[in-house]
Amino acid sequence: MILNAGCRIAVETTVPTAVGLMLEPMCGAAQLILHSSVTIDPPTPFFDIIDGFGNSVQRLVLPEGRSVITAETSANVHHAIDEHLDAPFVLVQDLPYSVLQFLLPSRFCQSDLLLELAVKVTAQAAPGYAQVAAIRDWIHQNIEYKYGASGPTTSALDTASSRQGVCRDYAHLGISLCRALRIPARMVSGYLYQLEPMDLHVWFEAFVGDRWYTIDATQNAPRGNRIIVGYGRDAADIALMSPYGEVTLKEMSVYVEAADAAAH
């Protein structure tokens, strides 16, 4: 399916402020990017870099006052996501070097403190994808999706205790439980077609067998039609805006639509 997606973000600053934006998706195995753009009003120069996770990041200095940032993309994406219940657990010594960093605890994913829960949740599952599926199902059934129940500093350990949160918290907990079992897991940001209510979304991927698999515990069934914007260890790595100073968010809107529908 071809999706058109984008967001509009209005912010205010009191002094010129350096920021990094993560708003432009990259081509990859899961998507072919047909068009992507970022514009800023008032016109503000920026340049692109590739960060340590392979994400496109736009670096700039926002001027004092109000700025409106608009990101637009068109992508050919998969209608469904792959599942492979027989994908095996991979011994750490056999993992590709590039995925080893996704075994370690990180700021919001205290996997070293959640082994007991991970073992309990996956007690009946075979090592590998079946464990990941058990984690996904347990989170979906036991964590209440609730706006306002968490904040920007909420960690996986907090969510395991409160049993409430939003997509960010679901992903952090899933990542932590996977890593506790020595299954590499990484956070993903992007767009999901027909998400309700519409917003930017996050989920996670787990590495079993010989590849990464998409896992989203907020959904009651596997869903494709996603545009990936960024990958990282947790939310700190994939923020849509990383300001180095005070920036106040004033407005934000997000859309995702099928290209055929958009044409009518």
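Readers should treat all values here as calculations from the given coordinates under stated rules, not as data from a laboratory. The model shown is predicted, which means the values in this text are computed figures rather than measured ones. Counting neighbours? That spans all protein chains shown, and the Cβs are built from the backbone with ideal geometry, glycine included.
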Exercise. Kindly identify the chain as rounded, prolate or oblate by the Cα gyration tensor criterion: order the square roots of the eigenvalues as a ≥ b ≥ c, call it rounded if a/c is under 1.5, otherwise compare a/b with b/c, prolate if a/b is larger, else oblate.
Key: prolate
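Tell me, in nm to one decimal, what length is gained between E196 and S242 on full extension, where the rule is 0.36 nm per residue of separation less the Cα-Cα distance?
Once the chain is fully extended between E196 and S242, it gains 14.0 nm.
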Quiz item: Between R211 and T14, what length in nm is gained on full extension when 0.36 nm per residue of separation is reduced by their alpha carbon distance?
Solution: 66.4 nm
Quiz item: E257 versus S161, label points 7 Å from Cα toward the beta carbon: distance in nm?
Solution: 4.5
Quiz item: Of P88, P184, P45, which has the largest mean-square fluctuation in a 10 Å C-alpha GNM of the chain?
Solution: P45
Quiz item: Mind checking which of R182, R233, R66 has the largest fluctuation in a GNM of the chain, springs on alpha carbons under 10 Å?
Solution: R66
Exercise. Counting other beta carbons within 10 Å of each Cβ, put F89, F207, F47 in order, fewest first.
Key: F47, F89, F207
Exercise. Give the order of L60, L173, L34 when sorted by the count of other beta carbons within 10 angstrom, beginning with the fewest.
Key: L34, L60, L173
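Where does the chain land at 222 nm, in deg cm²/dmol rounded to the nearest 500, when only DSSP H runs of n ≥ 4 count, each adding -39500 (n - 2.57), divided by all residues? The partial results should precede the final answer.
Details: 5 runs with 46 residues, N = 264.
-5000 deg cm²/dmol, from helical runs alone.
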Quiz item: For the residue pair D94 and E144, what label-to-label distance in nm results when each label sits 7 Å from Cα along the Cα-to-beta-carbon direction?
Solution: 4.3
Quiz prompt | Neighbour-count order for C27, C7, C178, fewest beta carbons within 10 angstrom listed first | solution = C27, C7, C178
Quiz item: Say we join alpha carbon atoms closer than 10 Å with springs in a Gaussian network model of the chain; which of I175, I183, I33 then has the biggest fluctuation?
Solution: I33
Quiz item: What shape does the range 60-147 take by its C-alpha gyration tensor, where a ≥ b ≥ c are the square roots of the eigenvalues and a/c under 1.5 counts as rounded, a/b above b/c as prolate, and the rest as oblate?
Solution: prolate
Exercise. On a C-alpha basis, how far is the centre of the range 202-239 from the centre of the range 22-45 in Å? Whole number, if you could?
Key: 19
Quiz item: For the chain, what is the percent of antiparallel DSSP beta bridges, rounded to the nearest 5?
Solution: 95
Quiz item: If the chain between A29 and T70 were fully stretched, how many nm would it gain, using 0.36 nm times the residue separation less the Cα-Cα distance?
Solution: 12.2 nm
Quiz item: For the range 92-219, what class follows from the C-alpha gyration tensor (a ≥ b ≥ c being the square roots of its eigenvalues): rounded when a/c is under 1.5, otherwise prolate if a/b is larger than b/c, else oblate?
Solution: prolate
